[in-house]
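A short write-up of the structure that comes next.
The values are calculated or read from the model by the stated rules, or taken from the named source; none is laboratory data. Fair warning: this is a prediction, and the values are worked out from it, not measured in the lab. Counting neighbours? That spans all protein chains shown, and the Cβs are built from the backbone with ideal geometry, glycine included.
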Amino acid sequence: MALSVKGRVSQILKPEGGVSKGGREWSKRDFVIDTEEQFPRKVCFTLFGDKTSLINSIAVGEMVEVSFNLESREFNGKWYTNVNAWKIDKPDSAPRSEQMPEYSVDDIPPEVEENSDDLPF
């Protein structure tokens, strides 16, 4: 299940890490966004492993669009839900292909004289 939500980053928590029972190292980092809807909500996302670096280029107060998955698991008869982020975009910055190219004075074609008969029809 892949979802996305837009909001303003309100907190970036410290990275956490450790070693699993199987001997593998793990790392995670949480961050919180405030949605900008009629009834705003706070949502805490978790980044795992190599995805923890996604938040490094984001500052508190910036608008972001977060793509995430919801996952639930049972432990000792209780259910726990994770909101795992896998992509963070800044909606204000358009992709390079959509940005307007820069123009200079040399790009403007010369004016055509009024009495000229250069019309193609």
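Scanning region 1-48 for residues that are assigned to a loop (DSSP other than H, G, I, E, B), farther than 16 Å from THR81 by Cα and of a type outside the set (Lys, Arg) yields LEU13, PRO15, SER20, GLY22, GLY23, GLU36, GLU37, GLN38, PHE39, PRO40. Checked against (1) at positive phi; (2) without any contact (Cβ under 8 Å) to a residue 40 or more places away in the chain; (3) not hydroxyl-bearing (Ser, Thr, Tyr), TRP79 passes all but condition (1). Within region 1-24, the set of residues being under 19 Å from the mean Cα position of the chain (by Cα) and among the β-branched types (Val, Ile, Thr) comprises VAL5, VAL9, ILE12. Residue selection: LYS21 fails the criterion of being surrounded by fewer than 10 Cβ atoms within 10 Å (Cβ to Cβ) and at pLDDT 95 or above. Listed by first and then second residue, the pairs linking a residue in region 8-31 that is more than 12 Å from ASN56 (Cα to Cα) and touching a residue at least 12 places away in the same chain (Cβ under 8 Å) to a residue that is of a type in the set (S, T, N, Q) and in a loop (DSSP other than H, G, I, E, B), with Cβ atoms under 9 Å apart and 6 or more places separating them unless they lie on different chains, are TRP26/SER20.
Checking every residue in region 99-112 against the condition of being in a loop (DSSP other than H, G, I, E, B), at negative phi, touching a strand residue (DSSP E or B) at 6+ places or on another chain (Cβ under 7 Å) and modelled with pLDDT under 95 gives zero matches.
Which residues, taken from region 39-51, are more than 13 Å from the chain's Cα centre (by Cα) and closer than 24 Å to GLY18 by Cβ? The answer is CYS44, THR46, PHE48, GLY49, ASP50. Scanning region 53-69 for residues that are loosely packed, with under 12 Cβ neighbours inside 10 Å and of a type in the set (Val, Ile, Thr) yields a single hit, VAL60. Of the listed requirements (1) closer than 25 Å to PRO91 by Cβ; (2) among the basic types (Lys, Arg); (3) surrounded by fewer than 14 Cβ atoms within 10 Å (Cβ to Cβ), ARG29 misses just one: (3). Screening PHE48 against (1) surrounded by 10 or more Cβ atoms within 10 Å (Cβ to Cβ); (2) at pLDDT below 90; (3) aromatic (Phe, Trp, Tyr) leaves a single unmet condition, (2).
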